[in-house]
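What follows is a short report on a single structure.
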Amino acid sequence: MSDLSGRTTVVVGASRGLGRGIARAFADAGAAVVAVARTAQALAELAATSANIRTEVADAADTTAAWSLVDHYEPEVLILVAGANPVMRPLQDQTWETFSVNWHTDVKIAFTWLREALLKPLPPGSRVVVVSSGAAINGSPASGGYAGAKATQRFLADYAQEESRRAGLDITVTAVMPRMTPFGAVGRRGVRAYAARSGQTEEAYLNQLGDPLTPEIAGSALVDLVRADPATTAPGYLLTGAGLRKLP
């Protein structure tokens, strides 16, 4: 996978934030990118940036859409970025419905697409990246069930990797946990909520996080990850403004 030229790469959740940066980076690397999202206008704007990008308007949590797109495109690279915006409230101000939003979206997306990747299966040598969240490691007390949902995405990536090994499919599945960033809707909500919670300005809160994680940095990091030798690839990585760091 060191040469991505012409390799079909499906990016689920490609219309904004880190997903958009990832789609752009793979297109720039020569991959044939299929950008999947629900917002047609944002996808059209993305497609206008590169002849290597085509679009599919679909709900990532729709099981029929996942089956149809995996079956049709048979991607050699599948990147799952899509998810819901968590409801930012303290635990006592949540309802079960607000608390469980990310379980019904982020977890379902990871489960559905990983299942289809294994059932198809994707071509030997394929790479799947599940973009979770740093909240899966550190927790997130102001976002309901978000951290638990993102941790479950990491577990699902591990489970899919084990099933690929057991079946001899030669599919490498990796989880990536991005640090909070203001360059996406989820991150912006988090920055506002945690800055207010700690009595800081948003600027001060961001400064303590270190170098900002931009969509461009995320895209470059994932291109490097997919190009790397699978034998050297860790099951999980933290992604910060400084790049990827292997997790134990």
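The values are calculated or read from the model by the stated rules, or taken from the named source; none is laboratory data. Remember, predicted model here, so these are calculated numbers, not experimental data. No Cβ is skipped: glycine too gets one built from the backbone with ideal geometry, and neighbour counts run over all protein chains shown. Note: areas computed on protein heavy atoms with side chains; ligands, DNA, RNA excluded. Shrake-Rupley method; radii C 1.70, N 1.55, O 1.52, S 1.80 Å.
Structure notes:
- For Lys120, the aspartates and glutamates whose Cα falls under 15 Å of its own Cα, not counting residues fewer than eight places away in the same chain, are Asp71, Glu74, Glu76, Glu163, Asp170.
- Assuming charge only on the beta carbon of Lys and Arg (+1) and of Asp and Glu (-1), the dipole of the stretch 33-133 about its Cα centre is about 140 debye to the nearest 20.
- Under the simplified labelling scheme, the Leu247-Ala231 pair shows an inter-label distance of 2.6 nm, with each label point 7 Å from Cα along Cα→Cβ.
- Anchor Lys246: lysines whose Cα lies under 27 Å away (excluding residues fewer than 8 positions away in-chain): Lys108, Lys150
- Note on the stretch 107-195: dipole from Cβ charges, positive end direction compared against Leu114, Ala167, Pro141; the farthest Cα belongs to Pro141.
- Check: the chain dipole with +1 on Lys, Arg Cβ and -1 on Asp, Glu Cβ, in debye: 440 debye
- Structure remark: mean-square fluctuation, Gaussian network model of the chain, C-alpha springs under 10 Å; the largest value among Ser126, Ser198, Ser68 belongs to Ser198.
- The stretch 91-248 shape via C-alpha gyration tensor axes, a/c threshold 1.5: oblate
- Its DSSP H runs of at least 4 residues, each contributing -39,500 (n - 2.57), put the calculated 222 nm mean residue ellipticity of the chain at -12500 deg cm²/dmol, to the nearest 500.
- Size of charge dipole - the stretch 185-229 - debye, nearest 20, with Cβ of Lys, Arg +1 and Asp, Glu -1, no other charges: 320 debye
- Against the criterion of solvent-accessible heavy-atom surface with a 1.4 angstrom probe, Glu162, Glu56, Glu203 sort, most first, into Glu203, Glu162, Glu56.
- A straight chain from Trp96 to Trp67 at 0.36 nm per residue would run longer than the Cα-Cα distance by 7.5 nm.
- Taking every alpha-carbon pair under 8 Å whose residues sit at least 6 apart, the chain reaches a relative contact order of 20 percent.
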